[in-house]
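The values are calculated or read from the model by the stated rules, or taken from the named source; none is laboratory data. Please read these numbers as outputs of a predicted model, since none were measured by experiment. In this analysis, Cβ positions are derived from the backbone assuming ideal geometry, glycine residues included, and neighbour counts consider all displayed protein chains. When the accessible area is computed, the model is the full protein with side chains, heavy atoms only, and any ligands, DNA or RNA have been set aside. Shrake-Rupley method; radii C 1.70, N 1.55, O 1.52, S 1.80 Å.
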Amino acid sequence: MRAVVCDRLGDPSVLRIEQRPIPEAGPGDIVVRVGAASVNFPDVLMVAGGYQHKPELPFVPGMEGAGVVHAVGSDVTTWKPDDRVIFGVRPGAFAEYVRVPAKGQLLRLPADWSYAEGAGFRVAAQTAFHSLVHRAQLKKGEMLLVHGASGGVGLAAVQLGKHLGATVIATGSDDARLAIVRQNGADHVVNYRTDDFVAAAKRLTDGRGVDVVYDPVGGEVLEKSVRAAAYGARLLVVGFTSGGPSKLMSNHILIKGLTVLGVRAGETILRHSPELGRDYVEELPRLAGLGVMRPHISHRFPMERAADAFRALIDRKVVGKVAIEMNAAD
């Protein structure tokens, strides 16, 4: 089989295609013939050596994908060959075949979804669900401000927030991309290059401010968001795609009675609160079946152009998700 391999750290140009044996299923495993895998910012950071999880070189990047079950282990009863699945790995998705535990983070791929859509679902949906449901406990009728709304985790938050009954204000830097965000459920969109999102949030809430801020951008965006927040608001720190952390003023947090919540969905489930994983097993398939958080795939690349897929994400060209297709014709 072919696999995208990182054998030295650096920019996307270090990625190359390598022939490897097709993995065999252990007793409790399945082997998936991968239709597509999705690129996430942690993949970019992992290849560059800047992510907290540092796999031993050489490694196959990729955290999520979708495909068809190729083989099952002797102890597996929940899956069978030809089942269409969404899977998660840490890492290893950018290959034509992937071995994953049958009791791991596997979901059934909805019948009307493409492999690319399935590949882009798990990370963004899990992040949005952990943020808005577990951490912020978003309520119907509340005002939700979503930054980086045209990205994968931002768009999932827009879709889930709307499904939960919130009024969603979405920000971004491009009107054309924000038009797609509006089509996916945002009640209001704000281009922060041409408009002040703080003033817009105040205007849209009659001066009160928003109840929840969902921020995968970080830096100055999160710092300014304090001014857009209502008294008692919850600020979700989801990531730092702007390139660096934020410096929040503790006096502002105190005066407004704010709650600042860090979001690490995978870390929480794996090491700290595994009982929350039951929600993903039950709720994420249900929401996918309803079409909630269905990914928007703006870019698709073959394996040979994996580096271009990374660059599209780095250069902020992607709306929703970018997919690398392995066996998309299955």
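Any residue in segment 106-114 that is at pLDDT 95 or above, surrounded by fewer than 22 Cβ atoms within 10 Å (Cβ to Cβ), of a type in the set (S, T, N, Q) and not in a strand (DSSP E or B)?
Yes, segment 106-114 contains a residue that is at pLDDT 95 or above, surrounded by fewer than 22 Cβ atoms within 10 Å (Cβ to Cβ), of a type in the set (S, T, N, Q) and not in a strand (DSSP E or B).
Please go through segment 1-43 and pick out each residue that is within 11 Å of Phe94 (Cβ to Cβ), open to solvent by less than 30 Å² (accessible area, probe 1.4 Å) and more than 20 Å from the chain's Cα centre (by Cα).
Within segment 1-43, Ala3, Val4, Val5, Cys6, Leu15 qualify.
Is it true that Thr205 is farther than 23 Å from Thr127 by Cα, among the polar types (S, T, N, Q) and crowded, with 17+ Cβ neighbours inside 10 Å?
yes
Applying the selection to segment 130-145, what residues are open to solvent by less than 10 Å² (accessible area, probe 1.4 Å) and part of a helix (DSSP H, G or I)?
Matches in segment 130-145: His130, Ser131, Leu132.
Output the number of residues of segment 210-225 satisfying the condition of being more than 18 Å from Arg264 (Cα to Cα) and in contact (Cβ under 8 Å) with a residue 60 or more places away in the chain.
Summing the residues that are more than 18 Å from Arg264 (Cα to Cα) and in contact (Cβ under 8 Å) with a residue 60 or more places away in the chain in segment 210-225 gives 4.
So which residues in segment 118-146 are closer than 13 Å to Tyr214 by Cβ and among the β-branched types (Val, Ile, Thr), if there are any at all?
Answer for segment 118-146, where residues must be closer than 13 Å to Tyr214 by Cβ and among the β-branched types (Val, Ile, Thr): Thr127, Val133, Val146.
I'm trying to understand the selection: among the residues of segment 216-229, which are at pLDDT below 95, touching a helix residue (DSSP H, G or I) at 6+ places or on another chain (Cβ under 7 Å) and crowded, with 24+ Cβ neighbours inside 10 Å?
Once the filter is applied, which keeps residues that are at pLDDT below 95, touching a helix residue (DSSP H, G or I) at 6+ places or on another chain (Cβ under 7 Å) and crowded, with 24+ Cβ neighbours inside 10 Å, segment 216-229 yields only Pro216.
Looking at Arg278, Arg286, Arg305, Arg300, can you tell me which residue is over 18 Å from Leu132 (Cβ atoms), out of contact with any Lys or Arg (no Cβ under 9 Å at 6 or more places or on another chain), surrounded by fewer than 20 Cβ atoms within 10 Å (Cβ to Cβ) and without any contact (Cβ under 8 Å) to a residue 24 or more places away in the chain?
Arg305
Return the residues of segment 184-202 that are buried (at least 17 other Cβ atoms within 10 Å of the Cβ) and β-branched (Val, Ile, Thr); say none if nothing qualifies.
Val189, Val190, Val198
What number of residues in segment 67-119 are touching a Gly at 6+ places or on another chain (Cβ under 7 Å) and of a type in the set (Ser, Thr, Tyr)?
1
How many residues are part of a strand (DSSP E or B) and surrounded by fewer than 20 Cβ atoms within 10 Å (Cβ to Cβ) when one looks only at segment 44-69?
Count: 2.
Among the numbered criteria (1) in a loop (DSSP other than H, G, I, E, B); (2) surrounded by fewer than 22 Cβ atoms within 10 Å (Cβ to Cβ), which one does Ala176 miss?
Answer for Ala176: the failing condition is (1).
Looking at segment 70-95, which of its residues are exposed (fewer than 12 other Cβ atoms within 10 Å of the Cβ) and either within 26 Å of Val322 (Cβ to Cβ) or touching a Phe, Trp or Tyr at 6+ places or on another chain (Cβ under 7 Å) (or both)?
Listed by number, the list is empty, since nothing qualifies.
Can you tell me how many residues within segment 179-207 are farther than 12 Å from Leu144 by Cα, in a loop (DSSP other than H, G, I, E, B) and touching a residue at least 60 places away in the same chain (Cβ under 8 Å)?
The number of residues fulfilling the criteria is 1.
Being in contact (Cβ under 8 Å) with a residue 40 or more places away in the chain and open to solvent by 10 Å² or more (accessible area, probe 1.4 Å) is the filter here; which residues of segment 146-173 pass it?
Gly148, Ser150, Gly151, Gly152, Val153, Gln159, His163, Ser173, listed by residue number.
Suppose we keep only residues that are aromatic (Phe, Trp, Tyr) and within 18 Å of the chain's Cα centre (by Cα) within segment 230-289. Which one would you say is modelled with the highest pLDDT?
So the residue we want is Phe240.
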